[in-house]
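The values are calculated or read from the model by the stated rules, or taken from the named source; none is laboratory data. Keep in mind that this is a model prediction, so the values were computed, not measured. Every residue, glycine among them, receives a Cβ derived from its backbone with ideal geometry; neighbour counts consider all protein chains shown. Each accessible area value is taken on the protein alone, full model and side chains, heavy atoms only, with ligands, DNA and RNA left out. Shrake-Rupley method; radii C 1.70, N 1.55, O 1.52, S 1.80 Å.
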Amino acid sequence: MSSGMNRLVVVGNGMAGVACVEQILKHAPRFDVTIFGDETHVNYNRILLSSVLAGEKTSDDIALNPIEWYERNNIQLRVGTRVTDVDPAARTVTSQDGAVTPFDTLLLATGSSAWMPPIEGLDKDGVFAFRTLDDTRALLGRARPGARAVVIGGGLLGLEAARGLQVQGCDVTVVHLMHTLMERQLDPTGGGYLTTRMEAMGIRVLLGRSTRAIRGGAAAEAVEFADGTSIDAELIVVAAGIRPNVELGRKAGLQVNRGIVVNDHLETSNPDIFAVGECVEHNGVCYGLIAPLLEQGKVLASTITGNKGPTYTGSVQASKLKIMGVDVFSAGVWADADGADPVRFEDPGEGVYKKLVVRDGKLAGVILVGDTSDSARYMEWLRSAADLTKQRRHLLFPPAGEDTGLDIAQMADSATVCGCVGVTKGAIIQAIHGQGVNTLSQLKEATRASTGCGSCTSLCQDLLKAVAPEFEEEGRRVLCGCVPFDQESLRDILRSQKLRGVQDVLDIYGNGHGCEVCKPAISYMLDMLWCGDHDEDRSARFINDRVHANIQKDGTFSVVPRIRGGVTSPDELRRIADVADKYKVPMVKITGSQRIDLLGIRKEDLPKVWADLGMPSGQAYAKGFRMVKTCVGTDFCRFGTQDSTAAGIEMERRFENLFTPHKVKMASVGCPRNCAEATVKDIGLVGQEGGWQVVVGGAAGKSVRKADLLITVETTEAAIEAAEVFFQYYREHANYLERTYDFVERVGIDRIRKETVYAPDTVRQLLLDRLRKSKARSRDAWQEGAQPVHPTQFIPLQPIEQGLM
Ligand SMILES: Cc1cc2nc3c(=O)[nH]c(=O)nc-3n(C[C@H](O)[C@H](O)[C@H](O)COP(=O)(O)OP(=O)(O)OC[C@H]3O[C@@H](n4cnc5c(N)ncnc54)[C@H](O)[C@@H]3O)c2cc1C
Ligand code: SF4
């Protein structure tokens, strides 16, 4: 020991191993740490691989410990290096590069590998596992719209893979050997709910099918079943289970069953060697979910650092997951075996199924599908083995008026709230008190809670509500002092009371006057709710919307005519030039949005300028749809795979003149080179071989955010329709002045997908109907003499209100 420090060698740079090292570092520094990892990346959140597959996150987004973390903690990281041998007597490990590394303490955190069942033809091109970032990248390289994909395995991993592939536009079938999806977590009824949901989202589910072979030449072409039937498939994901990586344990002479056997202190049969994570077997159980592994890591950190005391006595097998946007919670022993006393609730219309199993007056197991809001209460009952005899009638539905806060109060501080990153209730309370956390965003930043699958978000909100002194529920703030309602409640009131005028709303539900905050918001809501058939009150609009132009700092105006998709003509250019000459326009400027801006126009000239231009308003001033930027696409670009210009022009026709909660900018590009920056727009169409990706919630202004993938589709019409459905959903659900990037983050892309592009046909159609109704009533603000569609909606063309400037 040259440095006098204990040389700790960790094999495995995965979630459990590194989490344990993080805990070790919290104790007094006494280790020289070297970590070997045979993957070529820093430690990342494996749970989020499905989000990478679905295009929602990049590999950078899911990194848990950046390279600086290793450097800061003086950890030697041997990334991309596999350990091939252990010599327990010499206390060395040998890596694939031939290097021999001595250790005083060895920690095996080798995780698991995907299990490949004995199916003929698994070596064919097009067959993949789904365990690592490299697997995910390889899958992404093959996934394309319309590709026939088969996922073998209907457990958690298989369904996650299916979701990702479907978002990429593949035609997906899940094949499962058992008769119930996720049969380890769900009984046949619960599995049935999940199957229904998946099929509603367009994924075929084949249950009770045993796969015999992958057929084809060098490349996979079909999957053949034991009953002799087959289905075509060019992309096959095998998600049939995992096997703990125990080879090094065997080479080290440790006791190994299915996993490397450890005791309650996480010690193996060799006092210098420890093990943690999925490679471990404790009391006959190998855990395959992260929460128990993080618990193990904490105990092991105490043992390894000489603070032996805390023990690991096993974990209640519990999973809280979001599968295809459906919340699922399963814990304990929920089978209807002898002595089991089941309590059930079902609501097929809402997709909600709940089953509790009581044994000897205590909760033995739980299944929740579609509504997991009570999972913390059940988890606590399971953990504490509480006697439920007296509460028997209220197991599923607490007595009226019972405060949900009671459940939170009852949760132990050590109870895990966020299973994805292992954040306990105690850590959250510490962040609230110690770091002044008051909002969910602050909590995410401080603790990483709720940054994984999102299923703990409501629990985090409840905790914040109960504990944070100045809790702010983001997105549900009261509009302003004049109208004391949050926006969602106000929308409900306007709808149910059939109110159509801003003044009526202020008279009945406000202070009768309103202000510059609430009036534009109410005005927008009425326009959106009644699809333009409301009593327009121009004084309630923002100044730019009232004058149909952008006021400049010197009091003059900027005029931007509509140039759909950025494509103009010599005639339009001539007219623009003539107007610029005639009105002595001081500056003619090409904008970043591919438009022409005439700057410095006097207010009295505006109507004449519009008339002389003879072009529609570009709405460059509006809290509404602005424009679609396009690249040249297939017509002129050698890389173009889609006609992005035509798509952009069509989008512009469909969205122009519509108001939105905040400005909405779009772009359409012919290939992923993304020359018109579609991935940083509110809505973007990204052409690719055989289809389009529709992305939403991007930004490149004060905030920069890469848009989330909404859906991948084959045709231009389908892509524009997906954009329309999202656009209307945003119009109806966002708070006024909430940009799409905040909206998408607040609501979550999973829920947005579920309620838009993957919603039942009738729901989608209603969104489109309302959008088209609004569109039919909308009109170009500059068009002189245009007829009002509703007598009270007429917006006179005189642009300037008195006293505006
Ligand atoms: C797609 C996917 C989704 C999941 N979703 C969830 C979920 O929603 N909820 C949940 O709780 N869990 C989920 N899991 C499971 C969770 O990710 C695992 O339980 C967890 O990652 C296990 O951590 P680990 O450190 O034991 O193993 P790993 O994270 O697998 O880390 C082990 C590392 O050791 C490396 N290694 C192995 N042998 C050697 C060697 N000889 N030399 C060098 N390096 C070696 C491996 O390559 C790997 O990088 C999911 C897993 C996957 C794959
Ligand atoms: S995005 Fe692709 S198609 Fe469009 S101009 Fe750039 S390279 Fe060409």
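Residue ranking by accessible heavy-atom surface, 1.4 Å probe, largest first, among 230, 59 comes out as 230, 59. Sorting 278, 721, 71 by solvent-accessible area of protein heavy atoms yields 71, 721, 278, largest first, with a 1.4 Å probe.
Considering only DSSP beta bridges where both residues belong to the chain, give the percentage that are antiparallel (nearest 5).
The answer is about 60 percent antiparallel.
Starting from the Cα gyration tensor of the chain, take the square roots of the eigenvalues, sort them a ≥ b ≥ c, and report rounded, prolate or oblate (rounded when a/c is under 1.5, otherwise prolate if a/b is larger than b/c, else oblate). Prolate, because a/c is 1.5 or more and a/b exceeds b/c.
So, with +1 on the Cβ of K and R and -1 on the Cβ of D and E, and no other charges, what is the size of the charge dipole of the range 660-703 about its Cα centre, to the nearest 20 debye?
On the way: 5 positive and 3 negative charges, 43 e Å.
That gives a dipole near 200 debye.
Computing FRET efficiency as 1/(1 + (r/R0)^6) for residue 590 and residue 210, where r is the C-beta to C-beta distance and R0 is 60 Å, gives about 0.40. Of the whole protein surface, residue 567 contributes about 70 Å² of accessible area at a 1.4 Å probe radius.
Summarising the label geometry, the points placed 7 Å from Cα in the beta-carbon direction at residue 515 and residue 430 lie 4.1 nm from one another.
Sorting 120, 717, 183, 350 by accessible area (1.4 Å probe), largest first, what list results?
Working: 120 110, 717 85, 183 60, 350 140 Å².
If we order 120, 717, 183, 350 from most to least accessible, we get 350, 120, 717, 183.
Here the dipole of the range 137-272 is about 280 debye; that uses its Cα centre as origin and unit charges on the Cβ of Lys and Arg (positive) and Asp and Glu (negative). The range 722-763 to the range 217-271: how many Å between their Cα centroids? Centre-to-centre (Cα) distance: 40 Å. In terms of its C-alpha gyration tensor, the range 562-704 comes out prolate, because a/c is 1.5 or above and the ratio a/b outweighs b/c.
Annotation: residue 7 carries an accessible surface of approximately 70 Å², with a 1.4 Å probe and no ligand, DNA or RNA atoms counted.
The heavy atoms of residue 493 present about 30 square angstrom of accessible area, all protein chains included, probe 1.4 Å. Between helix 15-26 and the chain there is an angle of about 80 degrees, using the helix long axis and the longest principal axis of the Cα atoms. Reported to the nearest whole Å, the Cα centre-to-centre distance from the range 110-150 to the range 691-705 is 29.
With a Förster radius of 25 Å, plug the Cβ-Cβ distance of residue 780 and residue 702 into 1/(1 + (r/R0)^6) and report the FRET value to the nearest 0.05.
After rounding to 0.05, the efficiency reads 0.25.
Using the Cβ-Cβ distance between residue 229 and residue 581 with R0 set to 56 Å, the FRET efficiency works out to roughly 0.15. So, with a 1.4 angstrom probe, what is the percent of accessible area on the chain that is carbon and sulfur? Ligands and nucleic acids excluded, carbon and sulfur reach 49 percent.
Once you have a ≥ b ≥ c as the square roots of the Cα gyration tensor eigenvalues for the range 54-121, tell me rounded if a/c is under 1.5, and otherwise prolate or oblate according to whether a/b is larger than b/c. Walk me through the numbers on the way to the answer.
On the way: a/c = 2.65, a/b = 1.15, b/c = 2.30.
Because a/c hits 1.5 or more and a/b fails to exceed b/c, the range 54-121 counts as oblate.
Helix 644-655 versus the longest principal axis of the chain: what angle, 0 to 90°, nearest 10, using Cα atoms? The helix 644-655 is inclined about 70 degrees to the chain.
Can you give the relative contact order of the chain as a percent, counting alpha carbon pairs under 8 Å and 6+ residues apart? Write down the numbers at each step before the final one.
Working: 1677 pairs, mean separation 66.8, N = 805.
Taking the mean separation of contacting Cα pairs over the length of the chain, I get 8 percent.
Could you tell me the center-to-center distance, by alpha carbons, between the range 501-534 and the range 34-55 in angstrom? So the two Cα centres are separated by 49 Å.
Between residue 257 and residue 350, the modelled labels are 4.2 nm apart [label points 7 Å from Cα along Cα→Cβ].
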